[in-house]
1. Please work out if Pro258 is within 14 Å of ligand 2 (Cβ to nearest atom) and surrounded by fewer than 17 Cβ atoms within 10 Å (Cβ to Cβ).
2. Does any residue in the stretch 222-238 that is under 15 Å from His267 (Cβ atoms) and at pLDDT below 90 come within less than 9 Å, Cβ to Cβ, of a residue that is among the polar types (S, T, N, Q) and assigned to a helix (DSSP H, G or I) six or more places away or on a different chain, and which pairs are these?
3. What do you reckon, is Ile272 over 30 Å from Ile132 (Cα atoms), more than 16 Å from ligand 1 (Cβ to nearest atom) and of a type in the set (Val, Ile, Thr)?
4. Across the stretch 109-157, what is the total count of residues that are under 16 Å from Arg36 (Cβ atoms) and of a type in the set (D, E, K, R)?
5. With the structure loaded, tell me whether Phe339 is more than 21 Å from Ser171 (Cβ to Cβ) and either buried (at least 17 other Cβ atoms within 10 Å of the Cβ) or modelled with pLDDT under 95 (or both) or whether it fails that test.
6. Of Asp293, Asp297, Asp307, Asp261, which residue is modelled with pLDDT of 95 or more, closer than 24 Å to Thr238 by Cα and among the acidic types (Asp, Glu)?
7. Kindly check whether there is at least one residue in the stretch 58-73 that is exposed (fewer than 15 other Cβ atoms within 10 Å of the Cβ), within 16 Å of ligand 1 (Cβ to nearest atom), within 26 Å of Thr280 (Cβ to Cβ) and more than 25 Å from the chain's Cα centre (by Cα).
8. Evaluate the following for Leu200: is it more than 22 Å from Trp287 (Cα to Cα), within 16 Å of ligand 2 (Cβ to nearest atom) and not basic (Lys, Arg)?
Amino acid sequence: MLTDDTVYAAMEPHEPGQFATHATPLVRNCWYVAARRSEIGRTPFARTFLDTDVVLYRTEAGQPVAMRNRCPHRSFPLVRGKLAGDRLICGYHGMEFEPDGVCTRMPALSSTPSTVTVRTYPIADRGPLTWIWMGAPDLADESLIPDTSWLADANWGTVTGDFHIDADYVSMDENLIDQTHFPFLHPDTVGTPEYARSKLSASTDNDQVVIRRELRDSPPPGVYGKPAQIMDKRVDRTSEARFVSPALHVAFAAIHDPAPDSGKPAHYRYNITHCFTPETNTSIHYWWFNSRDYRPDDTSIDSFLLDAHKQAYHEDLEALEWIMQVVKNDADPQIDLSFAPDKPGLMARRIMYRLAMREA
Ligand code: FES
Ligand SMILES: [Fe+2]
């Protein structure tokens, strides 16, 4: 593992071409979230991932299927066809495709050509999410699907939401690892001035970026302190935010109340999960989850956290869409002016650039 100083030094000089932007080819060899598991059922539905239209459904046994949403005969969208058992039947001339994409019937012919297929994509359920692999099929390895096990753990209470964003996933990845915007874009929720000034350490760990912060003896931010009812306290706070892959960012926050009221815990943990899947170079499917390790069934905490996070993430969404409009509309290319606190985001963008170039 490299320390922050070695990484920062290794990043010089800052050639702009070394960092991913919205124009960098999308990273394909990566597990991305396709949908919430509950969205995929016996009614096929279509969604675009990495510029490719895909139809999703489940077999009668409940296995998810991801198939190119384009019939190889005349490009009819297969989502407009219908299911017969596990087979998807094209709605134009009736070609029938098995879940592995092999065509087993073309009604206009007396015998079916044995080599006709439609592309399918590796897909797997994990907890409340279903992940898809849009890259080289022989590299799809389900053991590489990142851990989000807390989302399926009954000891954790989770609130969740999703957005479609007209911005690029590179900006989203950078936004989530850039904590210096918190007090300005999110003053009423996650941002406190003390937090913005607290020292952070950033490091890379394989193709991940990890940033850690510690803040001792300070008021908790409202979003954590209010549901735990410790706003009158001074607490210690640690957080680890991790760029796991272009598809996933997780943050683990812990609050320690050194003098808990009787019957109340001394520790509160929050795991925050952000999943984003590029639809195109300039649009994203985004799912977020905020999980806590206390009072998992308390619906008043759920509604507070849901409202607070919806607001915070909507602020990010708006900011990124505004930036995308500027980038698209302004004739001048932007050469980003970066400062030392931008380095964690640049580290993530450099990893994304390297991953993209490895596939080029
Ligand atoms: S377009 Fe699908 S069978 Fe003709
Ligand atoms: Fe933000």
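The values are calculated or read from the model by the stated rules, or taken from the named source; none is laboratory data. Just so it is clear, the model here is predicted, and its values are computed rather than measured. Cβ coordinates were reconstructed from backbone atoms using ideal geometry, including for glycine residues, and neighbour counts include every protein chain displayed.
1. Numbers: within 14 Å of ligand 2 (Cβ to nearest atom): no; surrounded by fewer than 17 Cβ atoms within 10 Å (Cβ to Cβ): yes.
No: the conditions fail for Pro258.
2. Here the result reads none, with nothing in the stretch 222-238 linked to a residue that is among the polar types (S, T, N, Q) and assigned to a helix (DSSP H, G or I).
3. Details: over 30 Å from Ile132 (Cα atoms): no; more than 16 Å from ligand 1 (Cβ to nearest atom): yes; of a type in the set (Val, Ile, Thr): yes.
Answer is no for this residue.
4. Count: 2.
5. Working: more than 21 Å from Ser171 (Cβ to Cβ): no; either buried (at least 17 other Cβ atoms within 10 Å of the Cβ) or modelled with pLDDT under 95 (or both): yes.
Answer is no for this residue.
6. Numbers: Asp297 fails: closer than 24 Å to Thr238 by Cα; Asp307 fails: modelled with pLDDT of 95 or more; Asp261 fails: modelled with pLDDT of 95 or more.
Only one candidate passes the filter, namely Asp293.
7. Quick first cut of the stretch 58-73, residues exposed (fewer than 15 other Cβ atoms within 10 Å of the Cβ) only: 60-63.
Then drop every residue that is not within 16 Å of ligand 1 (Cβ to nearest atom), which leaves none.
So far as the stretch 58-73 goes, no, none of its residues is exposed (fewer than 15 other Cβ atoms within 10 Å of the Cβ), within 16 Å of ligand 1 (Cβ to nearest atom), within 26 Å of Thr280 (Cβ to Cβ) and more than 25 Å from the chain's Cα centre (by Cα).
8. Values: more than 22 Å from Trp287 (Cα to Cα): yes; within 16 Å of ligand 2 (Cβ to nearest atom): yes; not basic (Lys, Arg): yes.
Answer is yes for this residue.
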